[in-house]
Amino acid sequence: MHLIEKQEKVGGLSANAGPGSSLVNWLESEVRRLGVTIQLSAEFSPSESGEHDVVIQTTGGRRGNPEYEVDSPSTVFDIADIRRGSVVLPDIGIVAILDPIGGPIGVALAEELGARAILFTPDNIAGNELARTGDLAPANVRLAQNGVTIQRRCVVRGVERRGEEFVVRVQDRFSGVVDEILCAAVVDAGFRLPTDPIDGALQAGDCVAPRTILEAILEGRRVAQQI
């Protein structure tokens with residue numbers, strides 16, 4: 001078994017964001033114990049497929065296509081890049097976090113930034129999906145204690161640069177009123193899409209469809225049983 005990893009560490013987004021890093025670390029220790037060869041910071045070329053008996057694609061997801069107007073893709077940071085350390089947020093100023101999902105990743109970043117963060121959600125409460133884990137109320141308590149501003153019941157319509165600042169244009173879901181909010185940086189914590197398939201490869205995880213660690217491990221086991 002030869003594992004080729006594009007990043008400097010294995011585990012994909014689960015290793016850098018969300019609550020799954022401990023599980024990822026344990027899985028890495030297990031595959032190393034079992035003698036799996038791990039090649040980090042390496043790219044796999046589809047032309048190499050013929051050199052292997054079986055190719056399993058677990059390349060994860062990619063940033064989704066924004067549903068709002070943006071003057072340049074570089075205007076909005078991908079939260080995955082921030083968690084990987086390839087993008088650094090400014091030390092001062094307000095940071096807008098666009099969180100249409102209401103999951104743990106956008107909420108966690110808002111908690112860390114505290115009073116510097118504005119969390120945009122289309123729901124009536126921040127972190128709506130955290131109800132599944134029982135963390136909905138505690139998360140909102142932490143956000144309030146840390147001074148996070150929550151922009152509820154809003155849909156992001158556009159992001160643009162104005163001089164040294166950025167403007168997030170949001171619309172109230174019910175009244176239709178449009179408001180503009182100035183900030184120093186904008187972070188997209190929204191939906192993701194699968195990466196392009198590799199011809200002839202078996203697939204598992206977010207490269208099929210971005211979901212949770214549960215589906216990734218389940219599909220990985222099923223693929224292993226096929227070999």
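Every number here is computed from the coordinates shown, using simple stated rules; none is lab data. Here the structure is a predicted model, which is why all the values come from computation and not from measurement. When we count neighbours, we look across all protein chains shown, and the Cβ atoms used for this are built from the backbone with ideal geometry, even at glycine.
The table for this structure:
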read-out: [x] 18.0, 55; [y] 25.4, 80; [z] 19.5, 59, with the label sought being that of the calculated Rg and Dmax of the Cα atoms in Å; value: [z]
read-out: Bridge type composition, the chain - antiparallel percent by DSSP, nearest 5; value: 45 percent
read-out: Sites Gln226 and Ser74, calculated FRET efficiency, Cβ-Cβ separation with R0 35 Å, nearest 0.05; value: 0.30
read-out: Antiparallel %, DSSP beta bridges [both residues in the range 65-188], to 5; value: 50 percent
read-out: Net lengthening on full extension, Ala144/Glu164 (0.36 nm per residue, minus Cα-Cα); value: 4.3 nm
read-out: Where labels lie 7 Å past Cα in the beta-carbon direction, separation of Leu3 and Ile92 in nm; value: 4.3 nm
read-out: The chain: most fluctuating residue of Gly35, Gly106, Gly18 per GNM, C-alpha cutoff 10 Å; value: Gly35
read-out: Formal net charge of residues neighbouring Arg162 (Cβ-Cβ distance under 13 Å; K, R +1; D, E -1); value: -3
read-out: Positive minus negative residues near Glu69 (Lys, Arg vs Asp, Glu; Cβ under 11 Å); value: -1
read-out: Cα long-axis angle, helix 213-226 against the chain (0 to 90 degrees, to the nearest 10); value: 20 degrees
read-out: In sequence order, calculated HN-Hα J values of the range 141-155 (Karplus, 6.51, -1.76, 1.60; Hz; x Gly/Pro); value: 5, 5, 4, 5, 5, 8, x, 6, 8, 10, 9, 8, 6, 10, 10
read-out: Pairwise label distance in nanometres, Asn65 with Glu48, each label 7 Å out on the Cα-Cβ vector; value: 3.1 nm
read-out: The chain: calculated mean residue ellipticity at 222 nm from DSSP helix runs of at least 4, using -39500 (n - 2.57); value: -7000 deg cm²/dmol
